[in-house]
Number of protein chains: 2
Amino acid sequence: MSKSNPDALVVFTPSGKRGRFPVGTPLLEAARYLNVDIDSVCGGRGICGRCQILVSEGEFAKFGITSTAQSLEPITAPELKYAERRELKPGRRLSCHTKVLQDIVVDVPAESQVHHQMVRKGAEHHDIELNPLVHLYYVEVQEPDMHDPSGDLRRLLNALEYDWQLTELDYDVALLPQLQTVLREGKWSATVAVRQGKEVVAVWPGFHEGVYGIAVDVGSTTVAAHLCDLTSGDVKASAGVMNPQIRFGEDLMSRVSYVMMNPGGEVSMTNAVRESLNGLARRLAEEAGCELTDILEITFVANPVMHHLLMGINPVELGGAPFALATDMAINTLARDMDIRLNPQARAYLLPCIAGHVGADTAGMVLAEEPYNHDEMTLLVDVGTNAEIVLGNRHRLVACSSPTGPAFEGAQISAGQRAAAGAIERIRIDPETLEPRYRVIGCDLWSDEPGFAEATAETGITGICGSGIIEVVAEMYLAGIINQDGVVDGSLAAKSSRIVADGRTFSYEILPPTKERSAIRIMQNDVRAIQLAKAALYAGIKLLMSYQGVEAVDRIRFAGAFGSHIDVKYAMVLGLIPDCDLQQVSSAGNAAGTGARIALLDETARQRIESVVRDIEKIETAVEPAFQDHFVNAMAFPNKVDAFPNLSQVVNLPAAKEVVAEDSAGEGRRRRRRR
Amino acid sequence: MSKSNPDALVVFTPSGKRGRFPVGTPLLEAARYLNVDIDSVCGGRGICGRCQILVSEGEFAKFGITSTAQSLEPITAPELKYAERRELKPGRRLSCHTKVLQDIVVDVPAESQVHHQMVRKGAEHHDIELNPLVHLYYVEVQEPDMHDPSGDLRRLLNALEYDWQLTELDYDVALLPQLQTVLREGKWSATVAVRQGKEVVAVWPGFHEGVYGIAVDVGSTTVAAHLCDLTSGDVKASAGVMNPQIRFGEDLMSRVSYVMMNPGGEVSMTNAVRESLNGLARRLAEEAGCELTDILEITFVANPVMHHLLMGINPVELGGAPFALATDMAINTLARDMDIRLNPQARAYLLPCIAGHVGADTAGMVLAEEPYNHDEMTLLVDVGTNAEIVLGNRHRLVACSSPTGPAFEGAQISAGQRAAAGAIERIRIDPETLEPRYRVIGCDLWSDEPGFAEATAETGITGICGSGIIEVVAEMYLAGIINQDGVVDGSLAAKSSRIVADGRTFSYEILPPTKERSAIRIMQNDVRAIQLAKAALYAGIKLLMSYQGVEAVDRIRFAGAFGSHIDVKYAMVLGLIPDCDLQQVSSAGNAAGTGARIALLDETARQRIESVVRDIEKIETAVEPAFQDHFVNAMAFPNKVDAFPNLSQVVNLPAAKEVVAEDSAGEGRRRRRRR
C-alpha cells in the first residue's frame, strides 16, 4: 500500500481482525488479505450474494472509529441488481462491490461465513460446527480454440486454478459425458462443486446455488432421514419410512436367521433398504424443492446388522460368537456404488462401528454427545432390543452392548403394545387404595379427570406401551404391590380386588376385560420380563463402571425414542440406571441421527469420531464373567436408601422386606447360575 | 552382525550388489538388506516360488570367490515340496529357504525380479520395462477375537502392515461383501492384490497366483486386445473383433453424423462397444485359462471419436470446428464404471488424446516409439481415414492430423477392395511393354510364374487392396503411364492395349472383365484420389517439418496395418513421405496397441506419456494457411532427382515432362484455390 494514498482502518467483527487499506479497496479484498472468513461462490462478480456484510454504525471507542454507512461508497449497480433478483436486507452490502472510503466497522454475519456454529435445539446438547465438505465455485471457462487445442475439462480445471487457486483437482469420469453440454449451455460459465478442495464432484451451467446432503439413521424398524443445506446447515426436509426389511424378520436376530435359512438372502434385504432410501431421497428432494442431482453427500448411522445389510454384507457372522464385523472402520464410497440415486458423484459416509454389537449408531451418539470433551463421568444409553452403553469422559471411554430383549419396547409383555393412540403411557398407583390413574396416548387428560371417558371413547384403552410398562412396574414397587425381588404380594388381594390370582402367582389389574379386549393386567411374568431387561441394562452399566473404577456417574443421557418418552425418575426406581442427580439425567433425543447430521455438515467431525471410536475400549458382555454376577445382583429393585441418595430425595423407596445377608445373596446367585 | 560369528560374502548378479552376512542367513534376507530386486508373494514361506535364484558356479577372480552349490545349505523340505508341486529347474533354489554357508555368487534371473526388461519382437522398437502396478501379497490374518473386537478388514490391513510394511492402504467397499467368505475359506490366509502400494484391489482365499491385464486398441473397424500376465509381462492371449459400431456408420464421420441425426445415439454406440469388450474379455480369459476376476487392469488406445464413444461422451463436438475434446487428459477409472466386467475393482486407463483429431492411439504410438528419447528427427505416421503425424526428437515434438480420406484403404477406388484373398497386393509394370505382373493375397506366386492360374482359380482375382493401389500408381508413374501431374498419357494407347479410353480420360487396364466382375482398371479418377490422399499426408508432414525448421527427416516409422503392408519404396515414389535413407524407413507394427500394452505393464510409462503429450505442440491443419499451400504443391509426383537423393538411388525417377517455373506454379496454386 502506497504511503501517498489516503487509507482507512477496516475492522471486521466478530473476529476483530483489522487493517488499514487504501481508500477504494473492496471489502472482500480487505477480508481476504486479513484472512477473515467471508464466503463467496462467484468470486466477486456480485452474483452469489454470499459475501454479504453489515455496516456497524456508531462510535467504537475501542477502535477509535466512528463508523457509518457513509464510510463506504454508495450502493453499486450490481448490488441493486442483486437486491432486485433476491433480497438485500437493510444495512447489508455485497462486500465484493463495496469500497472503503473511511474508517469502518464491518460485521460478518454467520451465514456469510464458510465455517460457522449452528445452534442446536431441544434435546441436542452441543452446537454443530459447520465445516462443509463441498464448496461451490463459479468460473468462466475459456472457449475452445483450434489454435491451442485442449479439452473442456482441462480448460475448466485451468479456470478453477486461475480464479480459485484450486490445483491438482481430481474428478470422476462420470462427469465427462455431461461436461460439454453444461459448458455450452452456461455459455462457458459454470458453477463447480469441489469436495474437500480436492475433487470436482458436480458442474452446473452458469450460476447455481444450493448443495444438499442427507443424514440417515437406518434403524431396524424405521429409516429416518434429514435433508440439509450443506452451506447453511439448515434442515430443509425430514422424512421417515418403515424399514422394508421388516418383512424378512421383525427384529435383528430374525433377519440374521433369515439369511442363515436362505443363503444369499442378504441381497434381497440390501435391495429393499436401498430402494426405500431412494424413495426417501425423492420425497426429501421434492419437499425441499431441490433436484436429486443437487444432493452431493449422504451419511449413515446404523446398528451393525443394519450397517452390514446396507452395505450388502452378509450379517450372519454378527449372529454368533465371535461376532466379527466385516469392518469396524468408517466407510467412504460413492452413493451410486450403493445403488443410491443422488448426484452420480454423491459420496456416502458410514460412521464406524465400534464392535459386533455396538454399531455406527452408537458412534453417532458419541459424536453428538461428545463425552470425550467433558470431565464429567458421562453415561450414554440407547435402549432397544439391545442396550448400547458408553461410559466415560475425556480420559477414557468404554462401551458395551447388553441384551435387554424387547420388554422395554412393550413386546413380550401380556398387555404390551406399540406406542399408539389408546396405549397407556403414564400411570400412578395410590399406595393406600392401590387404585391406578393413568393417561393414554392421544389424550391429555388423566383417567380421573372429567371428560376422560368421552375423550378416549373412540380409541378405547387398548394396552400399555413401553414407557407405560416402566411406570407401572415402578409404581407397583413404590406402592408395595411387588417386593424388591419382584414378587407380587398375594396377601394384598384381601385389601384390593385389583390383586388377582393367576394360577400360583398374582397379577395387578388396571382395567377389567371388555367385549373388545382381555383385562389389562400386569402379570408376574411381565414383572419378571422387566426385571430381566433392567438387570441386563444395569449389569452392563455396572460392568463399565467397574472398568472405569467409579461408584457413581455424573451425568446420564438417554438416546433414542425410549429415552424421549420415559420419566427418568421411574427408570431409576426400577434400577435401570444407577443413582444420579436427577437434574443430570435427561433425554438426548435421536442422538445417533444427530451424529449422522454432524458428520454430514462438519468435515472435521468424521476424522474425530473415527479416532475416538478407535480408542473406545470395547467390552464383550458375553465373555465377561463379571457381567453374569452383575446381572444376577441387578434383578432386585433398589431399596437401600443410602445407596440411592439422589433417588431417595424424590421417592420413598420401600424398605427391604427381608434383609439378605451378603452370604445368602451370594448363595442365591450360585443357585440361579446352576439353573 | 556379530564379529564372533563366521560370515560369508554374497554377491548378487546382475546387479553386482554384495555384502557379508553371518553363515546361516537366508539369501532372500541378504537380498532385502542389499536392496536387491527379488520378488516374493508369500513373504518367505516357500509357497510362491517367485524368489528363485541360480547359484553361479566357478571361480570369480574379480570377487575373490570360488562359488559352488555347496556354498549353500542343502535343499530344504519346503523347496522339495515346491519342486513337486510346480517345478524347480536344475541349479535353482528358493532364496527364502536357502541359507549361506560360504562365499557365493548368486544370479537373480529376470523373472524373479519385480522390475525387469522385456525384449520386444518384430516391428517393435524398444524393450518394455516391467513395472507392474499390481503386486500380490500372501498374508496370514489374525482370527476374530471377542476379547479384542475388530473388523475382518482391519485385521487384514494389520497383516499387510505387519508382514509387508504396507500402511494406510485404501480399499474399495465392493470388497467388503466377499471379505468374510474369502478369509474363512482360506482359513485366515489370503492373497491380496495391492495397487501401487496404496490400494487393496482384490483378495483371494489362501495362496493365489496370476494377475492379468488387458491392453485394447479400439479402432473404428476392429477392436483388438491382448491379455497379459502382469507379473511376467507375457501376452497370454490375443483376440480381435469387428467394432460393432460399424452398424451405425462405416467410418468416424458417419458415426458422428449418426449422433447428429439421432440425439442420444451415442448411448447405443457406447453400449455396443462396451458389450464387445466384455465378449473379448471373456474370450481372452478362456483362452488364457484365467478367471475374469483375475483381471485387474485394462488400458485403452483409441482415436478421439472412439475414445469419446467408449467413455459415453457425445462425439458431435469432434465433428466440426473447433474440434473440442471433452478431455485431453488421461483417464483413470474403474472398469466397472465403464460397464466392463472384470474384477469389480479392475482399473481402466485411457491414454491421453493429443487434440481433436489426434487421439490416444497416436499417444500410444508415441509411447511405443519413444521419439522423445532420441536425437534423430523421427517421423511417425499412422495412416487411416486421417493420417496422424508426429515429428520430432528429444527436444521437441509436433503433431497434426491430415485428412487423407479412405483412398489408401482401397475405398473410393474403382477396383478397390478390403485386403482379402483375391485382392492384388503387389504389382510391377514393365516400362517397355506396359505389361503388369502381380501377386494376390492368398497366393505366394507372381502372376507370371507357373501354377499361378491354378493357385488362384478358387478365389479368382477380385480387385486391388490398399497396398496394391500404392504400388500400381507408383509403377504407373515409374513406367511413364502417368506424368508427374498424374495425367494418364493417352498417347500410349497406340503402344499398348492396356491404355484404354474412358470418355475424355484414359485408364490402365490390369485385367479384362470376366463374367464375375468388371475389368480391373486404374482410372484417371483413381489416380486423382491417390494424389489427393498423398498430398494431404505429405502436406501434413511438410507443415510439421516447417514447424521443426528441418528440410529432411532422419527416420520414418509407419504405424498400423497400412505401414505393415506397403513397400516403403513405393510410398516414397508416390511422394507420401519425404526423401529419407530407405534403411531408416520401416513399419512400426501396431504401435498404438503396443503403447496400450506398455501402459498396462509399466506404471512409470503412464506418467511419462501424459507429460510428453502435454508438451507435444498440436497443429490444426484446418486453420493453417501453409497447409493449403503445401497440399497444392504436393499433388505432383516426385521428379527432381536432386531433391530425392535417397529415392534416386533405388528407382529411376522420370524426368519432368514440363518444367513449371516458380511463378506459374504460384499461378496454378491461385487458380486451384479459386475453384
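Rule-based calculations on the coordinates, nothing more; no lab input. Note that this is a predicted model, so its numbers are computed, not measured. Reconstructed Cβ throughout: ideal geometry from the backbone, glycine too, with neighbour counts over all protein chains shown.
So which GluC sites (Glu not before Pro) in the stretch A:564-662 are both in a DSSP loop and have at most 15 other Cβ atoms within 10 Å of their Cβ?
Taking the stretch A:564-662 and a limit of 15 other Cβ atoms within 10 Å, the loop GluC sites (Glu not before Pro) found are A:658.
Taking 32 Å as the cut-off for C-alpha to C-alpha distance, list the pairs among B:17/B:81; A:198/B:17; A:618/B:187; A:495/A:542; B:495/B:640 that go past it.
A:198/B:17; A:495/A:542
Going by how many other Cβ atoms sit within 10 Å of their own, how do A:260, A:635 line up, fewest first?
Numbers: A:260 14, A:635 21.
Ordered from fewest to most neighbouring Cβ atoms within 10 Å, A:260, A:635 come out as A:260, A:635.
Between copies, how far apart are the residue A:241 label points? List them in nm, one decimal, shortest first, with each point 7 Å from Cα toward Cβ, please?
Once sorted, the set of distances for residue A:241 reads 3.7 nm.
If you wrap a convex hull around the C-alpha atoms of the protein assembly as shown and split its volume per residue, what is the figure in Å³? Please list the in-between numbers first.
On the way: hull volume 412.4 nm³, N = 1350.
In the protein assembly as shown, the Cα hull volume divided by residue count equals 305 Å³.
Express the Stokes-Einstein translational diffusion coefficient of the stretch B:322-363 in µm² s⁻¹, to the nearest whole number, given a Kirkwood radius over alpha-carbon pairs, 20 °C and a viscosity of 1.002 mPa s.
The Stokes-Einstein estimate is 191 µm²/s.
Report, largest value first, the span of the C-alpha coordinates of the stretch A:466-623 along each principal axis, in whole Å.
That works out to 64, 38, 32 Å along the principal axes.
To the nearest 20 Debye, how big is the dipole of the protein assembly as shown about its Cα centre, given +1 on the beta carbon of each Lys and Arg and -1 on that of each Asp and Glu?
Details: 130 positive and 176 negative charges, 105 e Å.
So the magnitude is around 500 debye.
Among B:477, B:461, B:446, pick out the residue whose Cα is farthest towards the positive end of the charge dipole of the stretch B:434-482, where Lys and Arg carry +1 and Asp and Glu carry -1 on C-beta, about the Cα centre.
The residue sitting most towards the positive pole is B:477.
GluC sites (Glu not before Pro), restricted to the stretch B:132-235: which are DSSP loop and have at most 10 other Cβ atoms within 10 Å?
Answer in residue order: B:168.
Nearest 10 degrees is fine. How inclined is helix A:466-478 to the longest principal axis of chain A, computing both from alpha carbons?
40 degrees
Long-range amide H contacts for residue B:231: which residues qualify at under 5 Å (H placed 1.01 Å from N, peptide plane, sequence gap of 5 or more or a different chain)?
The list, which skips near neighbours in sequence, is B:211.
Treating the angle as unsigned and between 0 and 90°, give the value, to the nearest 10°, between the Cα long axis of helix A:152-164 and the longest Cα principal axis of chain A.
Long axis of A:152-164 versus the principal axis of chain A: about 90 degrees.
Put a point 7 Å out from Cα along the line to Cβ at residue B:641; what are the distances to that point in the other copies, in nm, shortest first?
Sorted ascending, the copy-to-copy spacings read 13.2 nm.
In terms of modelled amide H atoms, which long-range or inter-chain residues lie less than 5 Å from the amide H of residue B:463?
B:424
No solvent, one uniform scatterer per C-alpha: report log10 I(q)/I(0) for chain B via the Debye equation at q = 0.09, 0.10 1/Å, two decimals.
Rounded to two decimals, the profile gives -0.87, -1.00.
Compute the distribution of all C-alpha to C-alpha distances in the stretch A:519-585, in bins of 5 Å from 0, and list the percent of pairs in each, rounded to whole numbers.
Reading upward from the zero bin: 4, 15, 22, 26, 18, 9, 4, 2, 1, 0.
I'd like the antiparallel share, as a percent to the nearest 5, of DSSP beta bridges with both residues in the protein assembly as shown.
On the way: 154 of 218 bridges.
Given both bridge residues lie in the protein assembly as shown, the antiparallel proportion sits at roughly 70 percent.
Is the C-alpha gyration tensor of the stretch B:320-458 telling us rounded, prolate or oblate? Criteria: a/c under 1.5 is rounded; beyond that, a/b larger than b/c is prolate, otherwise oblate. Before the final figure, lay out each step's value.
Details: a/c = 2.52, a/b = 1.82, b/c = 1.39.
In terms of gyration-tensor shape, prolate.
Work out the FRET efficiency for residue B:167 and residue A:35 from their Cβ-Cβ distance, taking R0 = 41 Å, and round it to the nearest 0.05. Walk me through the numbers on the way to the answer.
Working: r = 34 Å, r/R0 = 0.83.
That gives a FRET efficiency of 0.75.
For chain B, take the longest principal axis of its alpha carbons; what is the angle in degrees between that and the long axis of helix B:252-261, to the nearest 10 within 0 to 90?
Once rounded, one gets 90 degrees.
Please list, by residue number, every one of the chymotrypsin sites (Phe, Trp or Tyr not before Pro) in the stretch B:434-476 that is coil in DSSP and has at most 15 other beta-carbon atoms within 10 Å.
Qualifying residues, ordered by number: B:446.
Label-to-label distances across copies for residue A:34, with labels 7 Å out along Cα→Cβ, in nm, shortest first?
Computed spacing set for this position: 6.6 nm.
Calculate the translational D of the stretch A:415-522 in whole µm² s⁻¹ from Stokes-Einstein, where the hydrodynamic radius comes from the Kirkwood formula applied to all Cα pairs, the temperature is 20 °C and the viscosity 1.002 mPa s.
152 µm²/s
Cα centroids of the stretch B:451-530 and the stretch A:183-250: how far apart, whole angstrom?
First find each Cα centre; the distance between them is then 69 Å.
Using Cα pairs closer than 8 Å and at least 6 residues apart in sequence, work out the relative contact order for chain A, in percent.
Averaging sequence separation for qualifying contacts and normalising by length gives 10 percent for chain A.
Under 5 Å between amide H atoms, partner at least 5 residues away or on a different chain: which partners does residue B:510 have, H built in plane at 1.01 Å?
B:520, B:521, B:522
Arrange A:261, B:242, A:476, A:377 by Cβ neighbour counts within 10 Å, fewest through most, would you? Intermediate results must be reported in sequence, preceding the final value.
Working: A:261 8, B:242 12, A:476 24, A:377 20.
The fewest-first ordering by Cβ neighbours comes to A:261, B:242, A:377, A:476.
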